[in-house]
1. Can you tell me which residue is modelled with the highest pLDDT among those in the stretch 1-36 that are part of a loop (DSSP other than H, G, I, E, B) and not aromatic (F, W, Y)?
2. Considering only the stretch 17-48, state which residues are under 18 Å from the mean Cα position of the chain (by Cα) and among the hydroxyl-bearing types (S, T, Y).
3. Go through (1) loosely packed, with under 10 Cβ neighbours inside 10 Å; (2) under 26 Å from the mean Cα position of the chain (by Cα) and name the single condition M56 misses.
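The values are calculated or read from the model by the stated rules, or taken from the named source; none is laboratory data. Keep in mind that this is a model prediction, so the values were computed, not measured. Cβ coordinates were reconstructed from backbone atoms using ideal geometry, including for glycine residues, and neighbour counts include every protein chain displayed.
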Amino acid sequence: MLTKIKKYFQEVLTEIKNTTWPTKTNTKNMTLLVVAVAILIALYLGGIDFLLQKIMGVLI
């Protein structure tokens, strides 16, 4: 059982060494992109919610 666990962690380390990690600049740019898209979606959904509230206020 211990040999299987040891083998598993050796394989994990091998895979981690073969991983291509993004550069600091690439990580920063992708993070900014995610934040910008999240803000745009929040503004869009907030606008739709506001409009629907106004419409429902007129109808009721």
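1. So in the stretch 1-36, the residues part of a loop (DSSP other than H, G, I, E, B) come out as 1, 19-23.
With the extra rule that they be not aromatic (F, W, Y), the set shrinks to 1, 19-20, 22-23.
Values: M1: 85, T19: 91, T20: 92, P22: 94, T23: 97.
Residue satisfying both the conditions and the ranking: T23.
2. T23, T25, T27, T31
3. (2)
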